[in-house]
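The next block holds one structure in the form of structure tokens; read it before the comments.
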Amino acid sequence: MKKKKIVALLTALAVTIGLFAGCGAEKETEDASGTASNTSGESQPEESEPEVSEAEEASAGEAVTIWYYWETEGHQVALDQVIQDYNASQDKYEVTAKYVPFADFKKQLSIGASADELPDIAILDSPDHASYVDMGIFEDLTGKFDVGSYYEGAVNSCTVDGKLYGVPFGVNCLALYYNEDMLNDAGCKVPTTWDELKETAKALTTESVTGLALCSVQNEEGTFNFVPWLWSTGASSYDINNENGIRALAFIQDLVNEGVMSKECINWTQGDVMNQFIAGNVAMMENGPWQIPTMQAEAPELNWKVTLIPKDSEYSSVLGGENYAVINGGNVEGALDFLTYSTSEEQVKFMMDKFGYISANQSIAETQFEADSPYQPFVEELKYAMPRGPLAEWPSVSDAISLAFNQVITGTATPEDAAAEAQATIDSIVK
């Protein structure tokens, strides 16, 4: 693998070039895990690397490179700060980072594998981890990194065939937001079960307000929002055509048919759902913790709280966030040294605060927030959160699930027919 050693005095410049490529006035949208992604279609400027003399090269530490896809400035700055602090803390390794657009991430890793020009660490979306493992480029970290205190779901997202191929970076999940004033005015208690949720949603629905909203677009974002309801019945992502899977689809369909959830949810992203909640058009919503900073800034007078997603047979939520992965054949020792530093409590709390994420390390997450913090219910919800997959073909499975979800909302299929169609597609993928 070809590596360039960068002198310490030039590190800040090199990192900044990589981190801020693509920043500016691009339009951003949120993906299923709350991460901002570029939709401007603009190409990123190529990085220019400073030339260094042989003497300077010899004095620099061993190079460790990171690829990431975050475009949000706050994310970039936080990672940059941790990298600079790490570089200043020791002189054996020199870490730099490079921005790769989310849409090009897998392609660039594939090209890099063929050209022997890969990074040492990749930071990637957790549901995609298994598909990257299939490329054969990740180092097996089993026994090399202790993830014993991490959330089980987070560890499962980077575990394939019993082997650990990554370290969870940070996590998020979905929970239920509710307008406390609306609940109080209607004389309702916070719902904890599906039956209670339906009755509460009915009581909160008026001519101008619908009781509940959740993103129901026909893509991964819609799947992300539906699977907690599917999993709460005891069904799995791969076994939907049964009593449990049909019940989950029927429950969502009933909410729409009874007018307590708008059919317009098929057009609403998670950001759109939040905006409807802020505007007072929705009394309760399923959403993630990454919305909290925006809500606090844009609607400081709104009286809202967060609770667990009401359950059918068991509490459930879905895991979002990113993982670190170490590339095999690269500077594995340097990569692990940086991961040891960046996953320490001080660095994790710093980055999670800037990202609006929750630590994937449960022992850190449990002390990350004050007891009355709106983030605290998400920490509780993480105990019930599961990853999508891990499966290399997860995107195709997700398409089948989101189609069934969309069909029952629009009324183009019964829950039974939608479940049967989804199952046939899923079986063709995983069996």
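A few notes on this one:
- This structure gives semi-axes √(5λ) of the Cα gyration tensor in Å, computed directly, and of (1) 31, 26, 21; (2) 45, 22, 21; (3) 40, 23, 19 that value is listed as (3).
- Neighbourhood charge, 9 Å Cβ-Cβ cut-off, centred on Val332 and excluding it, Lys, Arg +1 and Asp, Glu -1: -2
- Per residue, the convex hull spanned by the Cα atoms of region 147-277 amounts to 147 cubic angstrom.
- Inter-label distance for Ala420 and Asn184, nm, one decimal - labels placed 7 Å from Cα along Cα-to-Cβ: 5.0 nm
- Count Lys and Arg as plus one, Asp and Glu as minus one, and take only other residues whose Cβ is under 12 Å from that of Ile266; the net charge is then -2.
- Met135 versus Gln84: modelled label distance in nm, points set 7 Å from Cα along the beta carbon direction: 3.0 nm
- Its Cα gyration tensor gives region 113-201 an equivalent ellipsoid. The semi-axes, each the square root of 5 times an eigenvalue, are 42, 14, 11 Å from largest down.
- A prolate overall shape is assigned to region 238-287, the ratio a/c of its alpha-carbon gyration tensor axes (a ≥ b ≥ c) being 1.5 or greater and a/b exceeding b/c.
- Shape call, region 364-431: gyration tensor on alpha carbons, a/c limit 1.5: oblate
- For region 101-149, the Rg and Dmax computed from alpha carbons only, in angstrom: 12.0, 37
- Pairs beyond 18 Å (Cα-Cα), from Lys106/Lys431; Lys92/Lys144; Lys163/Lys431; Lys98/Lys349; Lys311/Lys383: Lys106/Lys431; Lys92/Lys144; Lys163/Lys431; Lys98/Lys349
- Beta bridges per DSSP, both residues in the chain: antiparallel share near 65 percent.
- Taken along the Cα-to-beta-carbon direction at a fixed 7 Å, the label points for Glu258 and Lys305 span 2.3 nm.
- Of the trypsin sites (Lys or Arg not before Pro) found in region 92-157, those that fall in a DSSP loop while having at most 12 other beta-carbon atoms within 10 Å are Lys92.
- The chain: calculated mean residue ellipticity at 222 nm from DSSP helix runs of at least 4, using -39500 (n - 2.57): -12500 deg cm²/dmol
- The residues neighbouring Ser317, those whose beta-carbon lies less than 12 Å from its own, together hold a net charge of -1 under the Lys/Arg +1, Asp/Glu -1 convention.
Just so you know, all these numbers are worked out from the coordinates, no wet-lab data involved. Note that the structure is a prediction, hence the values are computed from the model and not measured. We place every Cβ from the backbone using ideal geometry, glycine too, and count neighbours over all the protein chains shown.
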